[in-house]
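Asker: Below is a structure I'd like to ask you about.
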Amino acid sequence: MVAENVGLYEELSAYSNIDFYGKIYGIPESQRRENIKHLLEELGLWEVRHKPVGSFSKGMKQKVAIARALSHDPEILFLDEPTANLDPEAAKIVRDFILNMKKQGKTLIVNTHNLDEAQRICDNIGILKTKLIAIGSPEQMKESLRKDKTLIELTEVTDTIVSSIKAVSRANHKVDRKKLFIDTTVPQVENPAIIRAITSVVGNVVAVNQLSPTMEEVYLEAVKEKR
């Protein structure tokens, strides 16, 4: 387990911290040396392995804590807010390391408030509010919300264009300067009709994008339904 409060021995070096726990796990010395070298190299800490962790940044300490938890090569790893308060570079290194462990077949359970991160690294997501209120893959959870939107960018949005769209679609729409956001249920059918309606009144389409619900929208909807 890697807790949010890493709990390292700050007067010891990164190497010694991991080695100490490796001894507790009963790992032979030769295997400990090999494991520590591999982990610290993967996490970009090999060059500072002999420095006391008390001199490390929060991100570096987090990486040492991850290496410590993996020193005995566990099959299951619990991570509590693994990238909380890390700078973007350190957060990416930790995220990439987590994804690499997934590829190795390890089971990872991540507790996080970072919904974008959960979507990027997790195969399944559970939403907790006192109890488990929703669970599924990111794709399944987004599909359950059924709130896809089509974003159409134009050189200009006029009342004529909006009226033309209303004639072919009853979907809710929102105008934001030169952008049109339209709720869609079956984009493959609705979008072509909407584009034809725009071009029929000489609307100049710059770009069309399909927007899926964000994990934040999924979370807020799930919590609202359970109130």
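Asker: Give the Kirkwood hydrodynamic radius (Å, one decimal) of region 143-216, defined as one over the mean of 1/r across all pairs of different Cα atoms.
Answerer: It works out to 12.4 Å.
Asker: When a footprinting reagent is the concern and you count Cβ atoms within 10 Å, what order do T112, T199, T155 take, fewest first?
Answerer: Numbers: T112 18, T199 13, T155 9.
Ordered by Cβ neighbours within 10 Å, fewest first: T155, T199, T112.
Asker: Between E11 and E89, 0.36 nm times their residue separation minus their Cα-Cα distance comes to what? Can you show the working numbers first?
Answerer: Numbers: separation 78, 0.36 × 78 = 28.08 nm, distance 2.54 nm.
Computed gain between E11 and E89 is 25.5 nm.
Asker: How big is the gap, in Å, between the Cα center of region 98-153 and the Cα center of region 185-216?
Answerer: Here the answer is 27 Å between Cα centres.
Asker: Now a separate question. With charges only on Cβ, +1 for K and R and -1 for D and E, what is the dipole size of region 143-216 about its Cα centre, in debye, rounded to 20?
Answerer: Using Cβ point charges on Lys, Arg, Asp and Glu, region 143-216 gives about 140 debye.
Asker: While we're looking at this one, here's another question. What percent antiparallel are the DSSP beta bridges of the chain, to the nearest 5?
Answerer: The antiparallel proportion sits near 80 percent.
Asker: Quick one: go through region 12-31 and flag any residue whose amide nitrogen is under 17 Å from the point 7 Å out along the Cα-to-Cβ line of H50.
Answerer: Flagged as within label range: 12-19.
Asker: Something else: Taking Cα pairs under 8 Å and at least six residues apart, what relative contact order does region 14-122 come out at, in percent? Write out the running numbers ahead of the final one.
Answerer: Working: 100 pairs, mean separation 29.4, N = 109.
Relative contact order for region 14-122 comes out at 27 percent.
Asker: What is the fewest-to-most order of L108, L39, L132 by other Cβ atoms lying within 10 Å of their Cβ? Could the numbers behind the result be given before it?
Answerer: On the way: L108 16, L39 23, L132 9.
Listing L108, L39, L132 from fewest to most nearby Cβ atoms yields L132, L108, L39.
Asker: Scan around D148 for amide H atoms under 5 Å from its own, H built in the peptide plane at 1.01 Å from N, and keep only partners 5 or more places away or cross-chain.
Answerer: T184
Asker: I've got another one for you. So between S57 and D159, what do we pick up on full extension, going 0.36 nm a residue minus the alpha carbon distance?
Answerer: Here the segment from S57 to D159 would lengthen by 31.2 nm.
Asker: Pull up the cross-link candidates among the lysines for K131, meaning alpha carbon to alpha carbon under 19 Å and not fewer than 8 places away within one chain.
Answerer: K224, K226
Asker: R0 = 45 Å: FRET efficiency of S212 with E34, Cβ-based, nearest 0.05?
Answerer: After rounding to 0.05, the efficiency reads 0.55.
Asker: If I model a spin label as a point 7 Å beyond the Cα along the Cα-Cβ vector, how far apart are those points for D183 and D80 in nm?
Answerer: Each label point is offset 7 Å from its Cα along the Cβ direction, giving 4.1 nm.
Asker: Oh, and also: What is the order of T83, T130, fewest Cβ neighbours within 10 Å to most? Kindly include the intermediate steps, with their values, before the conclusion.
Answerer: Values: T83 22, T130 6.
Starting with the residue having the fewest Cβ neighbours, the order is T130, T83.
Asker: What FRET efficiency do you get for A193 and A3 if R0 is 41 Å and r is their Cβ-Cβ distance, rounded to the nearest 0.05? Please list the in-between numbers first.
Answerer: Values: r = 53 Å, r/R0 = 1.30.
Once the sixth-power term is evaluated, E becomes 0.15.
Asker: Scan around A134 for amide H atoms under 5 Å from its own, H built in the peptide plane at 1.01 Å from N, and keep only partners 5 or more places away or cross-chain.
Answerer: Result for A134 returns I127.
Asker: Y25 to D116: extension gain in nm, 0.36 nm per residue of separation minus the Cα-Cα distance?
Answerer: 29.3 nm
Asker: Of K23/K63; K129/K149; K37/K63; K102/K129, which ones are farther than 22 Å apart at the Cα?
Answerer: Over 22 Å Cα-Cα: K129/K149; K102/K129.
None of the figures in this text is laboratory data; all of them are computed from the coordinates on show. Keep in mind the model is a prediction, meaning the values are calculated, not measured. Quick reminder, even Gly has a Cβ in these numbers, built from the backbone with ideal geometry, and neighbours come from all protein chains shown.
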